[in-house]
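What follows is a single structure, written as structure tokens, with notes after it.
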Amino acid sequence: MAAAPAVARPRISLRHRLAERGVDRTLLLLLPAVVFVVALFIYPFVYGLQLSFQPQAGSDAANKYGTGPFADYRLFFSDPYLRNTIWTTLKIGLPAALFNVLASVPIAYRMRGRFRGKRAVTTILVVPITLGTVLTAEGLLAFMGPTGWLNRILLDLGIVDHPVRLTHNYWGVVFSLVITGFPFAFLLTLSYLTGIDPTLERAAATLGAGWWQRFRHITLPLLAPGLAITFCLSFVLAFSVFPSAIMVGEPARQTRVISIAAFHAAFEQYDYSMASAIAMIMGAVELIVIGLVLGWRARLYKGATGGKG
Amino acid sequence: MSRSSTKISELRLDKVCREFGGVRALDGLDLTISGGEFVALLGPSGCGKSTALNCLAGLLPLTGGTITLDDRRIDGLQPEQRGFGMVFQNYALFPHMSVRSNIGFGLRMAKVPKADARRRVDEAIRLVQLEEHTDKFPGQLSGGQQQRVAIARAIVLEPPLVLMDEPLSNLDAKLRLEMRTEIKRIHQTLGLTTIYVTHDQEEALSLADRLVLLRQGRVQQIGSPEEVYTEPANRFVAGFMGYRNELGLPVSQVNEKTVVLDGLGGGLTGVRRDDLGARAVAAIRPEDFTVGDGPNATEVTVEVVEYQGREQAIQARTDDGVDLHLRADARLAPGDRVTVSVPPERVLVFAAESPAAPEEVA
């Protein structure tokens, strides 16, 4: 009879105990995602990382700094032609991302309610997503090039004497990034905005707040964390700019962005190690910018915004 | 912005109309409210009561009519220029601000000097008994506490008019009673003119000095709680104010003030409230029936008994197959045969074609 208490204790099945810790068959649903992440992100990343520490014999880096693990990095940061691609890319990517986010706020703010033709307006704003970069570049060249419609109109109206150079330079790339990046920023901002309960602004109005005060004290603080995320995504998109930097930019000088440098190393010099190092630097710069933005975001209110989103 | 004149003497609504795409949500509302009054707008959902409130707050433009506050037309003003306090159904507290900042928001917008604002916020916090929660955020508060913040935020400016849009409908039954008393107490303390929207007749009766019953955007009756309760103007108001039995019966004899209907045993005598045709509707409260012999007596079979503490809610059926709702102190069981009676002055007889109240809303 002494063993009775031990027997009386109900045995919980293993399956139940695992389920308590969140381990059950639905975990299998994660499998495809895990496979993809490992095969398409983790493996290439780790491969590239180790490659970047093995300078290729006979490459510029190896000739100058030997075959130590940091030779490629040392070359990148000592050669202004390579190093400056960081600033070139930041100079294009930061303003483009900032513009996309800031421009999307008033438009999304105006469009969050229900009104006639909302779907049509949204479609027009979002269509550029469906256009490839190449098509956008073609369009930019045709419209804003030296003999494009814009310049012809400006010349005919006598506003300018010589065609304005808006392509094959810095501005061409920025325009292209705005055209393709704005719809993303707009859609994200719109969804963050519709997640904010409209009664909050109405409450603020009854408390004497005019439209600017309502935006400044109620909507903006609740929207800011979403804008930070939108900025990060827009920035990552813009920072990896490559095709438009070549097609509507000036890839030799003004718009020699970091991805062009990586491409140059990999497919013209066949220095995969250097290309990997550049890719790693590119990732690090993106991480620093995102880290700064998210650090600022961490200080904001991020709780419920009372809306349906 | 004139926030100075806290006490108003008169708010007048003249033929206020509001249409939504051709549908009249509010159809010619005439109402005069004097300073310090507590008025309840009462009606089922879709009756236009919230529309009326939003029109008053300035959140919805009128499509017709005028609103005047002490001889000043205000219907063209933006909500922020009207300076009315409003309590929203979902509270609409600013989630990123502490309790103190929420309550002080209006004072901040009005650029009230800091020391003065602080004193007034403290006062409001004390009034709604939230002293221990001043630095919390709305998300950390219970529903009842959030409601108190919303009320404090609306009254801290001592607005000429406080608007409340079903403020208790999101609370559980116990808290609802508690907050009801609280709202009454605050009104008695500050004497702020208040307009309160609700679909709950008990809430309206217990809080308001005057009730406005609305149906499909039109006023059905305006009166004191007692007037509306004992002398409903029409069948709709009767149905809404708890006259749960509505018996459609043929008219057998019409006198100047009373009427006799066929049915319910030897005929049902009641008070005539309308011009009657061949058929009429008798409205009777469940609690006006008594078990036992008396006037208008009829024999019924008990069908459903709901225990409600002191008394029981009973559904019974007459021999003619008419269902009656009544209340009884005596312990009855399904299947019992009893005689019930109702005094003739408690039987209100309306014309059969007058509109009925909808089924009771939750």
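Some values worked out for this structure:
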{"item": "Average partner coverage of B:78-87, which counts Cβ from other chains inside 10 Å", "result": "4"}
{"item": "Distance histogram for the stretch B:6-128 (every C-alpha pair counted, 5 angstrom bins, percent rounded to whole numbers)", "result": "2, 9, 16, 19, 18, 15, 11, 7, 2, 0, 0"}
{"item": "Rounded to 5, percent antiparallel among DSSP beta bridges of the protein assembly as shown", "result": "75"}
{"item": "Solvent exposure ordering (accessible area, 1.4 Å, most first) of B:Arg346, B:Arg18, A:Arg74, B:Arg273", "result": "A:Arg74, B:Arg346, B:Arg273, B:Arg18"}
{"item": "Accessible surface of A:Leu27 - all protein chains present, 1.4 Å probe, nearest 10 Å²", "result": "80"}
{"item": "Two-decimal ratio, the stretch B:19-89, of alpha-carbon radius of gyration to 2.2 N^0.38 Å", "result": "1.11"}
{"item": "From phi via Karplus (6.51, -1.76, 1.60), per-residue ³J(HN,Hα) for the stretch A:268-277 in Hz, x at Gly/Pro", "result": "10, 9, 6, 9, 5, 5, 5, 4, 5, 4"}
{"item": "Net charge of neighbours whose Cβ lies under 9 Å from the Cβ of B:Gly223, counting Lys and Arg as +1 and Asp and Glu as -1", "result": "-2"}
{"item": "Straight-distance crosslink candidates among lysines, where the alpha carbon sits under 30 Å from B:Lys257 and sequence neighbours closer than 8 are dropped", "result": "none"}
{"item": "30 Å Cα-Cα threshold exceeded, pairs from B:Lys111/B:Lys136; A:Lys302/B:Lys184; B:Lys7/B:Lys114; B:Lys49/B:Lys111; B:Lys7/B:Lys111", "result": "A:Lys302/B:Lys184; B:Lys49/B:Lys111"}
{"item": "Rounded to whole Hz, the Karplus (6.51, -1.76, 1.60) HN-Hα couplings of the stretch B:291-302, x for glycine and proline", "result": "7, x, 6, x, x, 6, 6, 8, 9, 10, 10, 6"}
{"item": "Accessible surface ranking that places the most exposed of B:Val271, B:Val16, B:Val23 first, with a 1.4 angstrom probe", "result": "B:Val23, B:Val271, B:Val16"}
{"item": "Environment charge at B:Lys184 (Cβ cut-off 12 Å; Lys +1, Arg +1, Asp -1, Glu -1)", "result": "-2"}
{"item": "Chain A, relative contact order in percent, only Cα pairs under 8 angstrom and at least six apart counted", "result": "26"}
{"item": "Rounded if a/c under 1.5, otherwise prolate or oblate - the protein assembly as shown, Cα gyration tensor axes", "result": "prolate"}
{"item": "Chain A: C-alpha gyration tensor shape, a/c 1.5 cut-off, then a/b vs b/c", "result": "oblate"}
{"item": "Number of partner chain Cβ atoms within 10 Å, mean per residue of B:292-303", "result": "0"}
{"item": "Mean Cβ count within 10 Å, highest first, over the residues of peptides B:133-143, B:196-206", "result": "B:196-206, B:133-143"}
{"item": "Average beta carbon contacts from partner chains per residue of A:225-235, 10 Å cutoff", "result": "0"}
{"item": "Residue-normalised accessible area of chain B, expressed per residue, 1.4 Å probe, Å²", "result": "44"}
{"item": "Heavy-atom surface of the stretch A:54-297, accessible at 1.4 Å and reported per residue (Å²)", "result": "49"}
{"item": "Helix-only mean residue ellipticity at 222 nm for the protein assembly as shown, each DSSP H run of n ≥ 4 adding -39500 (n - 2.57), per residue, nearest 500", "result": "-13000 deg cm²/dmol"}
{"item": "The stretch A:147-242 shape via C-alpha gyration tensor axes, a/c threshold 1.5", "result": "oblate"}
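The values are calculated or read from the model by the stated rules, or taken from the named source; none is laboratory data. Just so you know, these numbers come straight off a predicted model, no measurement behind them. A quick note on method: Cβ atoms are made from the backbone with ideal geometry, for glycine too, and the neighbour counts reach across all protein chains shown. All accessible areas refer to the heavy atoms of the entire protein, side chains included, with ligands and DNA or RNA removed. Shrake-Rupley method; radii C 1.70, N 1.55, O 1.52, S 1.80 Å.
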